[in-house]
Amino acid sequence: MKGVRQRVVIVGGGTGGAELAAALGRRSQKFEMNVSLVDCASQHLWKPRLHEVAAGVLGNNEDAIPYLALAQANGFRFHFGPMIDLDANAKTVVVGPVVTAHGDTLLNERVLRYDTLILAIGSEVNDFGTPGVREHCHVLDDGRHAMAFQSQLLEQAVKASEGVVDRLRIGIVGAGATGVELAVEIHRAVTAMHQAGGLISADRLAITLIDMAPRVLAGAAPAVSSFATTALQKIGVTVLLNDGVTKVTHKGFILKSGQTVPCELRVWASGVIGHPLATQLNLTLDRSRRIVCDEYLRCKGVDDIYAIGDCAAVVDPQTGKPFPTTAQVAHQQAVYLRRRLTRSQRQPSVNFVYRDRGSLVSLGAQSTAGEIPIAKRRVWTFNGTLPKLAYFSLQIMHRATLLGWRRAITLALAEALQRTVVPPVKLH
């Protein structure tokens, strides 16, 4: 009926959720939509840069975009608070209260009605039930967790500098992209701490990377894995492969081989599982706690509810397995769903098709390793400075999706100028 606006509610402002909200918001007048975004955080931070926040080479607010500003720029409405309930029959979601740091209630519980609901609630690190992980390890699920690690990294660096501890020992479980990038960025940060703040030098840093796989970046091409291994060895990272963790204590990791890895800072970056909220929504989940969806990203067994990103289990017809939990998948799903929700009723439905554009792994300020598919089961691998520019361009393209190219390029230039006058690492 003309004049009745479709209510589109998106829950989760990560890569897919934020990009979809921005894209639909800009088209909301043309397609008669009221677009809303719900998130328990107040600002958007691109998840692929969390390792830089954790290491201290990027402040939590430097790359963050407030959701209110994003909403104003793109014509959607932002609702601050956690989603706590879903009624698929009544087509409502409940947004929980928001409490300030002083314990005062900022916002009360609210009920939002929708015609179309998109869940982009993300995931969390999977501890696989390993004793001690939750109590003694840092994870990098969001900006808050990354800042917690950054704070302790600086504290331990100060302790080592003052002779309270002999070395700064850090253990990282998971030799995938997150673990490898974090190890490299920590070394870069400690080097910068020494140069800019007079703290310990990198020769008193001991990083141990642990994984059950036979090589680092086990999902990447062997050439990429080899280049990353060499980069890690050059900066003194100890890599323990073909070994898992049986227990974590406040002193370090106890491995299946019986070896103990002592470390003051411990990070768990191994495995991904769906967000705990998914278990409370009465939706069909797979064994990894991801929401089961069909080839159109529709949640199984309910009407007018879709899921994208890490929380969605969409089976790849070529492999029979769900698509990976990467920002690349979330981006493509957001593009697909934007087109689907704004298509004419006369246009036939087209299923979601994922196209692997390759992967990039940052190995410091000047180097990146990556791969691009060039034929069936064949990839082109590359490394060095040139792919580093491609790595930076990914963030610029993400910002352009959210804010437009003019603002994205302006922000990139402003950050480049800022890096010439401020310390390369956070010392507070």
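Computed from the coordinates by the stated procedures, all read-outs in this text should not be read as laboratory data. Note that the structure is a prediction, hence the values are computed from the model and not measured. Note that each Cβ is placed from the backbone with ideal geometry, even for glycine, and that neighbours are counted across all protein chains shown.
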Fill in the blank from the handout: When all Cα-Cα pair distances of region 45-114 are considered, the percent exceeding 17 Å is 63 percent
Fill in the blank from the handout: Here the equivalent ellipsoid of region 251-364, derived from its Cα gyration tensor, has semi-axes (largest first, whole Å) of 35, 18, 12
Handout entry: Evaluated at q = 0.28 Å⁻¹: base-10 log I(q)/I(0), Debye formula over Cα of region 1-49
Key = -1.03
Problem - Environment charge of Arg167, counting only residues whose C-beta is closer than 11 Å and scoring Lys/Arg +1, Asp/Glu -1 - result: 0
Handout entry: Computed lengthening from Ala73 to Asp115, 0.36 nm per intervening residue step minus Cα-Cα distance
Key = 12.8 nm
Completion exercise
Over the Cα atoms of region 147-289 the radius of gyration and the largest Cα-Cα distance (Dmax), both in Å, equal 16.9, 54
Practice task
Round to the nearest 0.05 the FRET efficiency obtained for Val4 and Asp141 when R0 = 45 Å and r is the Cβ-Cβ distance.
Solution key: 0.70
Exercise for the section: Determine the sum of side-chain charges near Val361: Lys and Arg each +1, Asp and Glu each -1, restricted to other residues whose C-beta is under 10 angstrom from that of Val361. Expected result: -2
Handout entry: Ala375-Asp304 FRET efficiency (beta carbon distance; Förster radius 35 Å; 0.05 resolution)
Key = 0.30
Exercise for the section: Restricting things to alpha carbons, tell me how big region 218-292 is in terms of Rg and Dmax, in Å. Expected result: 17.3, 50
Fill in the blank from the handout: Label model pair Ser151, Gln195: point-to-point distance (7 angstrom along the Cα→beta-carbon line) in nm is 2.8 nm
Practice task
Report the semi-axes of the equivalent ellipsoid for region 102-231 in whole Å, largest first, where each axis is √(5λ) for an eigenvalue λ of the Cα gyration tensor.
Solution key: 33, 24, 14
Exercise for the section: Could you tell me the number of lysine pairs in the chain with C-alpha atoms less than 17 Å from each other, where the two lysines are 8 or more residues apart or belong to different chains? Expected result: 6
Problem - Linear extension gain, Asp294 paired with Thr420, 0.36 nm per residue minus alpha-carbon span - result: 40.5 nm
Exercise for the section: Please state, to two decimals, what the Cα-based radius of gyration of region 77-179 comes to when divided by 2.2 N^0.38 Å (N = residues). Expected result: 1.55
Exercise for the section: Take the Cα coordinates of region 157-198, assign each an equal point scatterer, and use the Debye formula without solvent to give log10 I(q)/I(0) at q = 0.28 Å⁻¹. Expected result: -0.97
Problem - Helical mean residue ellipticity (222 nm; -39500 (n - 2.57) per DSSP H run of 4+; nearest 500) of the chain - result: -9500 deg cm²/dmol
Completion exercise
Taking Cα pairs closer than 8 Å and at least 6 residues apart, the relative contact order of region 1-131 in percent is 29 percent
Problem - Leading residue at positive end of dipole, the chain (Cβ point charges), from Pro373, Pro214, Val93 - result: Pro373
Practice task
Would you mind giving the average projected area, over all directions, of the Cα convex hull of region 369-417 in nm² with one decimal?
Solution key: 4.4 nm²
Handout entry: Rounded to whole Å, sorted largest first: equivalent-ellipsoid semi-axes of region 273-314, Cα gyration tensor
Key = 15, 11, 8
Exercise for the section: Could you calculate the contour length gain from Thr319 to Arg287, that is, 0.36 nm times the residue separation minus the distance between their Cα atoms, to one decimal place in nm? Expected result: 9.8 nm
Fill in the blank from the handout: Taking Rh as the Kirkwood radius computed over alpha-carbon pairs of region 11-168 and applying Stokes-Einstein at 37 °C with viscosity 0.692 mPa s, one gets a diffusion coefficient in µm² s⁻¹ of 183 µm²/s
Practice task
With label points built 7 Å along Cα→Cβ from the Cα atoms of Ser344 and Ser257, find their separation and express it in nm.
Solution key: 6.4 nm
Problem - Neighbour-count ranking [beta-carbon atoms within 10 angstrom, fewest first] of Cys40, Cys137 - result: Cys40, Cys137
Problem - Where only alpha carbons of region 308-428 are counted, the Rg and the Dmax (Å) - result: 18.1, 58
